[in-house]
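A.B. asks: Below you will find the structure I want to go over with you.
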Amino acid sequence: MQFQHSVLSTSTQLLLKDLLQNTDAHKRAFHEIYRTRSVNGIPVPPDQLEDMAERFHFVSSTSELHLMKMEFLELKYRLLSLLVLAESKLKSWIIKYGRRESVEQLLQNYVSFIENSKFFEQYEVTYQILKQTAEMYVKADGSVEEAENVMKFMNETTAQWRNLSVEVRSVRSMLEEVISNWDRYGNTVASLQAWLEDAEKMLNQSEIAKKDFFRNLPHWIQQHTAMNDAGNFLIETCDETVSRDLKQQLLLLNGRWRELFMEVKQYAQADEMDRMKKEYTDCVVTLSAFATEAHKKLCEPLEVSFMNVKLLIQDLEDIEQRVPVMDAQYKIITKTAHLITKESPQEEGKEMFATMSKLKEQLTKVKECYSPLLYESQQLLIPLEELEKQMTSFYDSLGKINEIITVLEREAQSSALFKQKHQELLACQENCKKTLTLIEKGSQSVQKFVTLSNVLKHFDQTRLQRQIADVHVAFQSMVKKTGDWKKHVETNSRLMKKFEESRAELEKVLRIAQEGLEEKGDPEELLRRHTEFFSQLDQRVLNAFLKACDELTDILPEQEQQGLQEAVRKLHKQWKVSQDRTETPCILNEGRSLSVLRSKCKRNLEIPGKSL
């Protein structure tokens, strides 16, 4: 696309732009002239002055529009310069190429110009600014014709850039492909020339030596083909001089190759047969291993559990993904087997077909079995997962029950904490009962599903049944343990209550005795009243207290029994002494001793782990 433009010189554009941007200063100067109607004292004719005023008014009123137009034109020609530069560079890149070094230089030039300098980004930024400026200019100008011209330019530029950018972007891949073909051509020519020299010498060797040397002939056939492909590509893309040299080299190498190949082509066929037999053997081994492994997963006994069934599903999904691959391999080796049997003895062919028939039967069985087994295993996994969760919840609650009982038995607890732990214990017991019911229902559902299934006959439920039995045993053990603990707590509570009542009765008697001893008055009257009171003391009060102490001894830990027994012996002795001294004032001291012993006994009788 060619553009015809009438462009002001750069210096003129700068002068005009400066003039339009400073209209206010020029306006002030002209106003002074217009007011004095003279310049430096020289009068200006009125007609000339009015003409200048009209012209100045026109310039000042249109200066903003002119500035916008100049900015639009400046961006327009900047964009056109980028287009022209890109077209120029493109022409220097899409040429008939030389040798590898010159192509490498072109690629470096491309990378430097396009990528390092961010050419595409520069163009896009310039285009977007021009687009915005053009819209503002057209709107301010208001001319339909000018709007059409601007729109036409923008559309033509957009179309030109769209085509040009595609070509510019494709240059790198083209240059890289040329360099890649130069590398491929150079490598294959070097290796093929060396091999041809060795191969031509081998033609005079023994048949066994030639057969061994030319065993890898198919590889050199591929190398020869790759060399010709790369060479023909370079002949088409390089300049006349380089193409002529390439043609000459290829003619010589292909001539030597053709003469040699006519002598040794039979060895390629022998090697191809060996390759096909190896491919056949490898595929048979792969398919047999897959069929054996899959059959094992499909048929071997499986203990029913959530984890076992989940792992089985993963194995079956893997089989599902591999079956299409194995089918494709089977089809490939079937064709390979037909090709081999054409060149093999009849017995070997029969053996191969028998192997293929057996493989087909095994693969068919796998395809028939894995899908129903996968479906029913997935269905079974849902109740098994729920059963697993319930069993986990059951044993968690059971563990908490044991922890609570251990804490209550080992440590003394406040009344509030004892109640809290007791509530937790009741909640865990209730949770155990609920989860046991859910476990029973879930296990029955699983066992029914497995029993009624024709596909899951190899699923062994022994482990699941044992787990359910273990749950029942654990539950019964928990019931017994909590029941024994409750009975123990109730017994301790009853004995403690009995002890407290007997102690209270004894304390009442001791308090009355203490008050009587502290009473003042007539000695004879006091002695009579003391004698009367102590003669009426009931031995059963002491006996009840001693019996309560004995019963507490049976439930106290061994390390706390000695202190209790010592306190009881002292208390009993003091009781005897107080009775023997009913007529002496020292009974007061004995009463005080009894009070001290009572307090000590009370401390020793605090039962750890019981808050009653």
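A.B. asks: Condition test on L175, is it part of a helix (DSSP H, G or I), buried (at least 18 other Cβ atoms within 10 Å of the Cβ) and under 44 Å from the mean Cα position of the chain (by Cα)?
C.D. replies: The answer is yes for L175.
A.B. asks: Here is a list: F290, F306. Which entry is under 15 Å from L380 (Cβ atoms) and surrounded by 17 or more Cβ atoms within 10 Å (Cβ to Cβ)?
C.D. replies: Within the list F290, F306, the selection yields F306.
A.B. asks: Do any residues in region 245-267 that are over 22 Å from K201 (Cβ atoms) and of a type in the set (D, E, K, R) have Cβ atoms under 8 Å from those of residues that are part of a helix (DSSP H, G or I) and open to solvent by less than 100 Å² (accessible area, probe 1.4 Å), where the two are at least six apart or on different chains, and which pairs are they?
C.D. replies: Every condition considered, the pairs that remain are K247/I235.
A.B. asks: Next up: Is at least one residue of region 135-149 open to solvent by less than 80 Å² (accessible area, probe 1.4 Å), modelled with pLDDT under 85, over 15 Å from L80 (Cα atoms) and part of a loop (DSSP other than H, G, I, E, B)?
C.D. replies: yes
A.B. asks: Further, regarding this structure: Name the single residue that is modelled with the highest pLDDT among those in region 406-428 being closer than 18 Å to F475 by Cα and surrounded by fewer than 18 Cβ atoms within 10 Å (Cβ to Cβ).
C.D. replies: A427
A.B. asks: Mind checking which pairs have a first residue in region 197-214 that is closer than 15 Å to M262 by Cα and a second that is of a type in the set (V, I, T), Cβ under 6 Å, 6 or more apart or different chains?
C.D. replies: Pairs that qualify, where the first residue is closer than 15 Å to M262 by Cα and the partner is of a type in the set (V, I, T), are F214/V264.
A.B. asks: Answer yes or no: is there a residue in region 152-172 that is over 50 Å from the mean Cα position of the chain (by Cα), exposed (fewer than 14 other Cβ atoms within 10 Å of the Cβ) and modelled with pLDDT of 90 or more.
C.D. replies: Checked against the condition, which is being over 50 Å from the mean Cα position of the chain (by Cα), exposed (fewer than 14 other Cβ atoms within 10 Å of the Cβ) and modelled with pLDDT of 90 or more, region 152-172 yields at least one hit.
Conditions (1) open to solvent by less than 20 Å² (accessible area, probe 1.4 Å); (2) modelled with pLDDT of 90 or more, marked per residue:
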| site | (1), (2) |
| --- | --- |
| L83 | yes, yes |
| L90 | yes, no |
| I94 | no, no |
| G98 | yes, yes |
| E104 | no, yes |
| N109 | no, yes |
| I114 | yes, no |
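A.B. asks: Please tell me if K331 is at pLDDT 85 or above and basic (K, R).
C.D. replies: yes
A.B. asks: Further question: Those residues that are closer than 14 Å to Q193 by Cα, open to solvent by less than 50 Å² (accessible area, probe 1.4 Å) and not hydrophobic (A, V, I, L, M, F, W, C), I need them from region 213-257; list them, please.
C.D. replies: Q223, H224, N228, N254, G255
The values are calculated or read from the model by the stated rules, or taken from the named source; none is laboratory data. Because the structure is predicted, anything quoted here is derived from the model rather than measured. Note that we place each Cβ from the backbone using ideal geometry, even for glycine, and neighbour counts take in every protein chain shown. Note: areas computed on protein heavy atoms with side chains; ligands, DNA, RNA excluded. Shrake-Rupley method; radii C 1.70, N 1.55, O 1.52, S 1.80 Å.
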